[in-house]
1. Can you work out the base-10 log of I(q)/I(0) for segment B:3-125 at q = 0.13, 0.22, 0.23 1/Å, using the Debye formula on its C-alpha atoms alone?
2. Under 5 Å between amide H atoms, partner at least 5 residues away or on a different chain: which partners does A:Gln116 have, H built in plane at 1.01 Å?
3. Quick one: the Cα spread of segment A:34-73 along its three principal axes, in angstroms, biggest first?
4. Could you list which residues have their amide H under 5 Å from that of A:Val54, counting only those 5 or more apart in sequence or on another chain, with H placed in the peptide plane?
5. Between A:Leu165 and A:Ala360, 0.36 nm times their residue separation minus their Cα-Cα distance comes to what?
6. Shielding of A:274-281 by partners, i.e. mean partner chain Cβ atoms within 10 Å per residue?
7. Which order do A:Met288, A:Met49, C:Met107 take when ranked by solvent-accessible area (1.4 Å probe, heavy atoms of all protein chains), largest first?
8. Counting only trypsin sites (Lys or Arg not before Pro) that are in a DSSP loop and have at most 15 other C-beta atoms within 10 Å, tell me the longest site-free stretch of chain C.
Amino acid sequence: MYVAVKGGETAIDNAHRLMAEARRGDPAVPELTVEQIANQLGLAVDRVMTEGSVYDRELAALAIKQAQGDLIEAVFLLRAYRTTLPRFGGSEPIDTGDMAIRRRISAAFKDLPGGQVLGPTYDYTHRLLDFALAAGGDPPPAALAERPVDAHMPRVADVLSQEGLIERDRPGEDEGPPCDLTRQPLEFPAGRDLRLQALARGDEGFLLSLAYSSQRGYGNTHPFAGEIRMGEVAIEFLPEELGFPIEIGTITVTECQMINQFKGTKDIPPQFTRGYGLAFGHAERKAMAMALVDRSLRAGELGEDVANPVQDEEFVLAHADNVEASGFVQHLKLPHYVDFQSELELIRRLRAAAIRREAAE
Amino acid sequence: MPETDHQDRRRWMGVLAKAAPEEVAAAWSGLPAIPAYDFLRRPETGLVMVRGRIGGDGAAFNAGEMTVTRCSVRLAGGTIGHAWIAGRRADQAERAAVLDALMQDPARRPAIGRAIDWLAELQEARRDRGAHEAAATRVDFFTMVRGAG
Amino acid sequence: MARTDMLLPGLADPVLDAQQIFRAVLDAMARPGTIVDLPSPPASPEPLDPATTAIVLALNDQETVVWLDDAADSEAVRQHLRFHCGSPLTADPAQAHFAIVGDIRAMPPLASFNLGGDEYPDRSTTLILQVPDLTGGTTWTLGGPGIRDRATLAVAGLPDGFRDQVIENHLGFPRGVDLIFTCGARATALPRSTRVEG
């Protein structure tokens, strides 16, 4: 039960002032700018945009500054801000095949058309703390190859599909707009479109642990990282007054295609099945975890046992959102005095009764 | 408007949307006098839901939103210009809408078109540099045979 | 492609103006029978009055489905709705979130609009009824939430039997439609919670 409490206004104001002072830190140290965060903490910005579900680097950077680097609080701030904006409509579906590739690798196919492009990555580093970085200074400029990467790179499914060894997704014939969980409440069973939307904005840590559990035997799906690609895609939108789609900008996205062994059923021959991940910015761990969880959630559809948490749609989707989760966990901090008082009295009565029984025996 | 004109307009609206705000400002300041205009729709920031495709090529799903600013103007002569631009820059949306209207005027198109081409070149150069940087990280993995069979 | 050469301007300040209009509509809904002045938008498409246009610009967006009666339906109105609100149009009153009625004497019965469900009564249609005058008609006495003792309403030009429909609409509470009457730059409201007492 919730009971309104009154009072404490001055204390709350002062607590927020104290918070602002703590956020600023030592005034002798120069203040961080939003531009610095947007440029130099880019991967934090990407995570906040992905889970905040709004692509806007400056807003995400401001949220990180305001939240003192608490990324889940920053996600909350961004989600709250988006509710003040009108929705103009939905974009044309993005074409990741036409991505301006910054990074593109496959752990399954060595000789992928277009090649393996490492791009900016922490892979293959030794994870040694770099004390030179602490001292500051400009890095050497990036190397330039003589020839650019291909403008169009086929997806991994295009490579395997010639022999029919991998399932294909096809756009529906009469495609209505996809379900949108920011407009309709989440209901189960959810379609794959709704699941992917929930996973795309879901908490990276939660999805990472679920994906890990599926690899360790809680719903094993024999995954390979079929392809991971990251780069810029153009966003097309069809304004009603024009009647034809136009590009309204570019955004950076990370896409992951997991390919998974599938033994087949009496209707479907053995083949590779796929899990899909898509995240704003450079968010590879998130996209990979999302793809693994997406594939695990397809267990029912593919006739596999649904016996593990990662395969349980309601468990995964109802608990993936960190704004909802932190809200419900953290509401325990708010006054529950009446609740607690009634429980206290109950415990006292039970104890008194137990003591009387003991005395009687 | 015939189909070829659509293609031209698609191109310049896309170039204006993908340009950096300071680039549009620079192009704007170099233009001959801009005629008077009224707002049909003042610059307004909202959200567009970005859609992806399941598996990259399947049915659409909602991936998350992006901020977009739109603006529509009418020139004194009656020509209407529109802009839809990622981000929250009202000044860029307003300038892009005016430039969209001016580009529809055959007499003004050559001068404005040069500014659009300049913006497109900047974007092409950025994309090209990125493609060369990425290409420098292309790797060939060799499979080593383990054991002697 | 839609013809766009007849486009009219929308609100001068989309955010602040919409907030003012929203506030005025809120006041009208909260105090049934009270006549409120609405800030006039720079232009109104024929045959809409400024008040009707203002409410549409403030409340409608691409997620609100709009139904137009024959009297309110014109190419200019459709274009204005599409361009400024992005609202889809429907020919089925039961699908409408908002209905714009230009001729109240020829409109379908209130019960043919969306009355909302028991789970989601908020999904019912809001009707914007453009009338010849907000005063000078037969006086109704109103009671219910937002009315301390008694309020009155004397909208002119209502057809026979309309009062019975309004009473019927109230009896279905919490389901039912909400009515906003407009004329010129003014409006008054009759939400479903209001009783017509005399």
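1. Scattering profile of segment B:3-125, log10 relative to I(0): -0.55, -1.27, -1.35.
2. B:Val139
3. 22, 17, 14
4. B:Glu65
5. Values: separation 195, 0.36 × 195 = 70.20 nm, distance 7.66 nm.
So the chain would gain 62.5 nm between A:Leu165 and A:Ala360.
6. Details: counts 4, 1, 8, 0, 9, 2, 5, 0.
Counting other chains' Cβ atoms within 10 Å and averaging over A:274-281 gives 4.
7. A:Met288, C:Met107, A:Met49
8. C:4-147
The values are calculated or read from the model by the stated rules, or taken from the named source; none is laboratory data. Computed from a prediction, not measured in an experiment: that's the story for all the values here. Using ideal geometry, Cβ is built from the backbone for each residue, glycine included, and neighbour counts are taken over all protein chains shown. Ligands, DNA and RNA are excluded from the accessible area calculation, which covers all protein heavy atoms including side chains. Shrake-Rupley method; radii C 1.70, N 1.55, O 1.52, S 1.80 Å.
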